[in-house]
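The block underneath contains the structure these notes are about, expressed in structure tokens.
The values are calculated or read from the model by the stated rules, or taken from the named source; none is laboratory data. As the structure is a prediction and not an experimental result, all values here were calculated from the model. Please note: Cβ atoms are built from the backbone with ideal geometry, for glycine as well, and neighbour counts cover all protein chains shown.
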Amino acid sequence: MKKKLFAICVVSIVLIAVLVPSCAPTEDQMGMEDAIDVVVEDILPNIPEIQEGDPYWCLKLDSALPEGTVIEEDSGDTLRITLDEEKFFFYLDLAPGAYYEHDVKYILVDRNGNHEEYDARWWPLIGGEVPEELVSEVPDERDMIATNVEIEAHEPEQMLFDFPVLRLVGCEGFIVVQGLVQGEKLYDYAVDDHNNRYNFFTEYAAEHTSDCSQVVGLAQSNALNVFDTIDDMVDDGLNPITISIIAHGSVDSVSLGNQTVKVDQFCNKIAAHPYTNFNLIITSCHSGSFIDDLSTLDNVYVVATACRADETAYRDVDVWHWLFGGDDYIDYNPEDTGAEWTSSLLEAMSEIVQNEAKFEAITSLAEGYGVPETSVLIWMGSLGALGDNPSFDLLQDLDLCHRATFEHPQIYASWYLIE
């Protein structure tokens, strides 16, 4: 009886061994750590930008995405992927700390170690939602699988301004636009940037002796009201009108309240008011592309942009530290917040406005060129923000990302180029 029972036990053990899969990992059962190894060891070293030493960081989702998941770019329909099996998703940002649009990659790894790479320009929409860990303004260490840079920035807060009486005359309009909506990448920094610009122009406009200037702030979905606001200000006789924008963007366009607005729309609106003059300050990726179109209009005096047409714009950066060699960059004005270029521009303009002799020089230049003081102030402030204005003793480049050669702010002044 004991022999028979022993035989039954042996047969049972054999059957269990045959019918129950082994718990030991196999190639078909790759887990997250195995997938990370594939990305770090087999994919990232072959990315040209990484080979050239450009900054990057690569983020992961906590778990694999199920079969049937739809992945697409949040801002458009140029890329759409439907998973045919369960896969791990990784997000490679090739311009960390930058606004959008800029180069990124979606990386997929299946349970067998096979992988795919997709070129994209925006953060992903996965299953109809944007994963919070992929758009966090400061990624959590547990979500980061690889990077070659550490970025430090000032805690969000507003910059404050206190100007003396400027003895300005005339009624001017200022429209401050914040195009990001909550949940978009770098939203908090954009809000800071909007508040900083609003505070600056509110204080600046308050010193107009006629007390008739207006400052209007537009944010998120209300950002699309910029064109109606222009009409209203023209009807109120405000001249010039200065439009200042912080937004994600592409060549010849910005995203306002999740809606793409083309430069042509701004050109058409401005051209419809030929007797009102305009200044534009644009902080968005590829914002330099706006100059080509806007500079064709006779009533556009100044266009100042955060970067060239082929570049991205960056949020506030206090320390840029390379993890594997290279010179660190330390911000000369670490108290600035918002976007790196805008905050530098505001600080340079603020220094001019608060100095009586410097602002008198602005007034003299404005009279000489026959343009408003505000237009000349933006022009001189743009040069001063980059330390390129010796006549105003502004010799220190406040734009850390410009010093690091990631962005090259542009300035168009109609009277200067005509000369």
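If I go through region 41-89 residue by residue, how many of them are part of a helix (DSSP H, G or I) and of a type in the set (A, V, I, L, M)?
Going through region 41-89, the residues part of a helix (DSSP H, G or I) turn out to be 41-46, 48-51.
Restricting the remaining residues to those that are of a type in the set (A, V, I, L, M) gives 43-44, 50.
Total satisfying the criteria: 3.
What residue, of Asn199, Asn239, is polar (S, T, N, Q) and out of contact with any Gly (no Cβ under 9 Å at 6 or more places or on another chain)? I'd like the intermediate steps shown before the answer.
On the way: Asn239 fails: out of contact with any Gly (no Cβ under 9 Å at 6 or more places or on another chain).
On inspection, the qualifying residue turns out to be Asn199.
Just for region 295-316: of the residues that are β-branched (Val, Ile, Thr) and not in a loop (DSSP other than H, G, I, E, B), which one is nearest to Ala247 (Cα to Cα)?
Quick first cut of region 295-316, residues β-branched (Val, Ile, Thr) only: 296, 300, 302-303, 305, 312.
Adding the requirement that they be not in a loop (DSSP other than H, G, I, E, B) leaves 300, 302-303, 305.
Details: Val300: 21, Val302: 19, Val303: 16, Thr305: 12 Å.
Ranking the qualifying residues of region 295-316, first place goes to Thr305.
Those residues that are among the β-branched types (Val, Ile, Thr) and either closer than 18 Å to Asn277 by Cα or not in a helix (DSSP H, G or I) (or both), I need them from region 191-228; list them, please. Show your work before the answer.
Step one: list which residues in region 191-228 are among the β-branched types (Val, Ile, Thr), which gives 191, 202, 209, 215-216, 226.
Matches in region 191-228: Thr209, Val215, Val216, Val226.
I want to confirm something. Restricting to region 166-187 and keeping residues that are surrounded by fewer than 20 Cβ atoms within 10 Å (Cβ to Cβ) and either within 25 Å of Phe266 (Cα to Cα) or under 20 Å from the mean Cα position of the chain (by Cα) (or both), which single residue is modelled with the lowest pLDDT?
Taking the candidates together, the pick is Gly170.
Looking at region 321-344 only, could you name the residues that are surrounded by fewer than 24 Cβ atoms within 10 Å (Cβ to Cβ), outside any loop (DSSP other than H, G, I, E, B) and not aliphatic (A, V, I, L, M)?
Correct list: His321, Trp322, Gly325, Tyr329.
Ser364 versus (1) touching a strand residue (DSSP E or B) at 6+ places or on another chain (Cβ under 8 Å); (2) more than 25 Å from Ile245 (Cβ to Cβ); (3) not β-branched (Val, Ile, Thr): which is the lone unmet condition?
Among (1) touching a strand residue (DSSP E or B) at 6+ places or on another chain (Cβ under 8 Å); (2) more than 25 Å from Ile245 (Cβ to Cβ); (3) not β-branched (Val, Ile, Thr), Ser364 violates only (1).
Would region 271-291 turn up any residue that is in a helix (DSSP H, G or I), of a type outside the set (Ser, Thr, Tyr), more than 14 Å from Ile175 (Cα to Cα) and touching a residue at least 40 places away in the same chain (Cβ under 8 Å)?
Yes, region 271-291 contains at least one residue that is in a helix (DSSP H, G or I), of a type outside the set (Ser, Thr, Tyr), more than 14 Å from Ile175 (Cα to Cα) and touching a residue at least 40 places away in the same chain (Cβ under 8 Å).
Might you let me know whether region 401-417 holds any residue that is closer than 21 Å to Arg308 by Cβ, in contact with a Ser or Thr (Cβ under 6 Å, 6 or more places away or on another chain), charged (D, E, K, R) and crowded, with 23+ Cβ neighbours inside 10 Å? Full working, then the answer.
Going through region 401-417, the residues closer than 21 Å to Arg308 by Cβ turn out to be 401-414, 416-417.
Restricting the remaining residues to those that are in contact with a Ser or Thr (Cβ under 6 Å, 6 or more places away or on another chain) gives 410-412.
Cutting the leftovers down to charged (D, E, K, R) gives us none.
Scanning region 401-417 turns up no residue that is closer than 21 Å to Arg308 by Cβ, in contact with a Ser or Thr (Cβ under 6 Å, 6 or more places away or on another chain), charged (D, E, K, R) and crowded, with 23+ Cβ neighbours inside 10 Å.
Taking only region 394-416 into account, find how many residues are without any contact (Cβ under 8 Å) to a residue 12 or more places away in the chain and either more than 17 Å from His102 (Cβ to Cβ) or touching a Pro at 6+ places or on another chain (Cβ under 6 Å) (or both). Quick ask: steps written out before the conclusion?
Going through region 394-416, the residues without any contact (Cβ under 8 Å) to a residue 12 or more places away in the chain turn out to be 395, 405.
Those left that are additionally either more than 17 Å from His102 (Cβ to Cβ) or touching a Pro at 6+ places or on another chain (Cβ under 6 Å) (or both): 395.
So the count comes out to 1.
Listed residues Glu351, Glu367, Glu356; which is in the same structural domain as Tyr189 (by TED's automatic domain parsing), surrounded by fewer than 23 Cβ atoms within 10 Å (Cβ to Cβ), closer than 22 Å to Asp192 by Cα and of a type in the set (Asp, Glu)? Talk me through it step by step, then tell me what you get.
Values: Glu367 fails: closer than 22 Å to Asp192 by Cα; Glu356 fails: closer than 22 Å to Asp192 by Cα.
From the options Glu351, Glu367, Glu356, the qualifying one is Glu351.
Please verify whether region 229-248 includes one or more residues that are in contact with a strand residue (DSSP E or B) (Cβ under 6 Å, 6 or more places away or on another chain), among the acidic types (Asp, Glu) and not in a loop (DSSP other than H, G, I, E, B).
Scanning region 229-248 turns up no residue that is in contact with a strand residue (DSSP E or B) (Cβ under 6 Å, 6 or more places away or on another chain), among the acidic types (Asp, Glu) and not in a loop (DSSP other than H, G, I, E, B).
Yes/no per residue for (1) surrounded by 21 or more Cβ atoms within 10 Å (Cβ to Cβ); (2) within 28 Å of Ile330 (Cα to Cα):
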{"residue": "Glu85", "(1), (2)": "no, no"}
{"residue": "Asp93", "(1), (2)": "yes, yes"}
{"residue": "Ala98", "(1), (2)": "yes, yes"}
{"residue": "Leu125", "(1), (2)": "no, no"}
{"residue": "Asn148", "(1), (2)": "no, yes"}
